[in-house]
1. Compare the peptides 142-150, 180-188, 289-297, 274-282 by average per-residue count of other Cβ atoms within 10 angstrom and give them in order, highest first.
2. Under a 1.4 Å probe, what is the accessible area of segment 279-358 per residue, stated in Å²?
3. Could you pull the accessible area for Glu285 with a 1.4 Å probe, rounded to 10 Å²?
Amino acid sequence: MDPATTAAPLTNDCDTEPRSFWSWWPSWRPTSMSLLKTTESRILACIQNDLWARFVTLQNHNRIWTLTVTNKGVRKPDEQAHKTPLVMVHGFGGGVGLWIRNLDALSHSRPVYAFDLLGFGRSSRPPFPSDAAKAEEQFVNSIEQWRQSVGLENMILLGHSLGGYLATSYAIQYPSRVSHLILVDPWGFPERPKPQIQEGQRSEVVKRPSPPRWVKAIAAIVSLFNPLAVIRAAGPWGPGLVNRFRPDFKRKFEDLFDDNTMTQYIYHCNAQTPSGEVGFRAMSESLGWAKRPMLQRVHLLPPSMPLTMLYGEQSWVDSSSGDKVVQIRSPAHTRVLLINAASHHVYADQPGEFNKVVENICKSVK
């Protein structure tokens, strides 16, 4: 293992972000990196296989919170160690804890790595540029530095939502490191639709009525803030907001936790100093469209790179982007699969089917 990969002393586990002008906020917001660590520990206690959780230090001194899960029941550990590892990248506002239904099953035959993206979860939260291309590059550079620090030659790279967008960008820049690219309900692929004007009609006919001035004013104010600012602005009412507006997270994991562990985890992941959230805002337009849609660049992936796109049948993400990717790339190396009765969080809605599909993909890679 590379010497840059070190297990941080427990006393320093929470020290992942510099103090700032807003450092007084946690005294009002019921959150801290320590509370995030405690909540995540309750989640990770469910893992039955061997777990190594530590901070991986990058060349620029940022730290990436990383899990490595291996099958403790395997008879010949060396055989598993020589197999191409699966690396899992979470989506916007998430963290490694959301993979709790998948880590044991997917580590049956090969090592599984999961990490908190730079600026999210327990990883370092550095400043991000406001330029979309530069923000994306900072994310991708951190993934490559992470790979170098961990010492992986290549990997099966799986990304969900924002993680899928960044995994694709990474695979375009570092194709030799990706043995198979798996995109789960990836964000940021389609181009933002433009208003359609029917031939022979004046544009005034098809334009919708302009919103009232007060709506425009509110929209302008909201656009000045990061997507999850309301959680932080709510202070002590923040956890209640997450419980109220995202009760699905509690339901998805209710057989593992009969309390608010998962919604508390989501809250603590997103009530800290915004960082990756700032990077995401730089890359996105209103309504969640990417400023640099990935459909415009997916042709840059090597035609021979295997690519599988998994979509939830009931997801808000349009799976037609996957069909367009098949048309753009070689159909022989691109597959699009729908998971029945699954929404955007495919891995949690239908974990059995998700794990089965991903495991079958992994079997195709040595």
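1. Details: 142-150: 20.8, 180-188: 26.2, 289-297: 16.8, 274-282: 23.0.
In descending order of packing, they fall as 180-188, 274-282, 142-150, 289-297.
2. Values: 3730 Å² over 80 residues.
Normalised by residue count, the accessible surface of segment 279-358 is 47 Å².
3. 70 Å²
The values are calculated or read from the model by the stated rules, or taken from the named source; none is laboratory data. In this text the structure is predicted, and so the values were computed from the model without any measurement. Please note: Cβ atoms are built from the backbone with ideal geometry, for glycine as well, and neighbour counts cover all protein chains shown. These area figures cover heavy atoms from the full protein model, side chains too; ligands, DNA and RNA do not enter into them. Shrake-Rupley method; radii C 1.70, N 1.55, O 1.52, S 1.80 Å.
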